[in-house]
1. Karplus couplings for region 60-76 from phi (6.51 cos²θ - 1.76 cosθ + 1.60, θ = phi - 60°), rounded to Hz, Gly and Pro as x?
2. By the gyration tensor of its Cα atoms, with a ≥ b ≥ c the square roots of the eigenvalues, what is the shape of region 8-127: rounded for a/c under 1.5, prolate for a/b over b/c, or oblate?
3. Ranked highest first by average number of other Cβ atoms within 10 Å, how do 85-96, 254-265 line up?
4. Once amide H atoms are built 1.01 Å from N in the peptide plane, which residues 5 or more positions from V113, or in another chain, come under 5 Å H to H?
5. Can you give the extra length, in nm with one decimal, that the chain gains between L132 and S87 once fully stretched, where that is 0.36 nm per residue apart less the Cα-Cα distance?
6. Lys and Arg at +1, Asp and Glu at -1: add these up for the other residues within a Cβ distance under 12 Å of P27 and post the number.
7. Contour minus end-to-end for R251 and R122, with contour as 0.36 nm per residue of separation and end-to-end as the Cα-Cα distance?
8. If packing is taken as the mean number of other Cβ atoms within 10 Å per residue, what is the order of 59-70, 12-23, highest first?
Amino acid sequence: MLPAEDSEEAAAARAAVLALRRESGMPVAGAAWVVGPRKLRISETSGVRSRDRRGMSVPAGTGLIGKVLTTGRPAAVSDYLSARQISHEHDSFVEAEGVRAMAAAPVIVGTTVRAVLFVASRDAVRLGDRVLTAVTQATRDLEQFLASHEQVHRLLSEARAAVRDGTAPRDGSALERVHEAHAELLDLTATLGDSHLRERFHEVCRLLEQGCCADVPEGPPPEQAARLSPRELDVLTAVAAGCTNLDISDRLDIGLETVKGYLRSVMRKLGTTTRFEAVNAARRAGLLP
């Protein structure tokens, strides 16, 4: 299904297209979402001569991006109109845009192709390493965003449903999984090279934080909730040693936002509101010396 124009998925696709065009140095870039088992629809474009190109349908197997949908593998041509390895149902679009060389790659989440990113030149040239690397990186960034975004919403839905239905485990393991996903997402955010995608990831992190803390009752008492992950214990041990968040970030080689995420998770599990209360609670529970 094509994402809504104002959805996080659509915003991530726009950011990926802009990053792809910038990093590849090519004049044209775009994204086509899978809208059915055998069809793509171009949803995002940058550098095209006509905005009418958006919304164009591409059946599986047709042209370059339709071929990528079918094979699930990247493909490129140095001169689209004369290329023999693709079909030519979309030559009128290509010719109107003056496109010659073109590369495309699938965005795969799990085992499913969700979208195809493409980039094009108006010269008949063999696309070099810079272009192919940019396409690969853009697809990976979008894949990571979509996979993490789906995981976040699935875990939130499960945790909220468990609390609402009264089936949440007494040890809070459902919400603990959400917190762990949050920490993983923060780690992933730090690896992204594009500022637009980083901001979208931060928005999902904020959503996750709100979901962990809103519309659910307070967690179980500290004696039931004091089950910290090894990484959370590492962070709390550093706090007990007098380290600042920045010190912990350097010591453990993790992002500053990741440190904060672990601390929020620790304080929630221990039923505390400050880092120093968390240290004392952990000592009372025998988690720290």
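Values in this text are rule-based calculations from the coordinates and carry no lab data. It should be emphasised that the depicted structure is a prediction, and the values quoted were computed from it without experimental measurement. Cβ coordinates were reconstructed from backbone atoms using ideal geometry, including for glycine residues, and neighbour counts include every protein chain displayed.
1. Values, residue by residue: 4, x, 9, x, 6, 6, x, 5, 5, 4, 5, 8, x, 10, x, 8, 8 Hz.
2. Numbers: a/c = 1.44, a/b = 1.15, b/c = 1.25.
The shape class here is rounded.
3. Details: 85-96: 14.2, 254-265: 20.7.
Packing order, densest peptide first, comes out as 254-265, 85-96.
4. So V113 has HN proximity to no qualifying residue.
5. On the way: separation 45, 0.36 × 45 = 16.20 nm, distance 2.17 nm.
Roughly 14.0 nm would be gained on extension.
6. Values: positive: R21, R22, R49, R100, R122; negative: E97, D123.
Residues near P27 contribute +3 overall.
7. On the way: separation 129, 0.36 × 129 = 46.44 nm, distance 4.92 nm.
Gain in length upon complete extension: 41.5 nm.
8. By packing density, highest mean first, the sequence is 12-23, 59-70.
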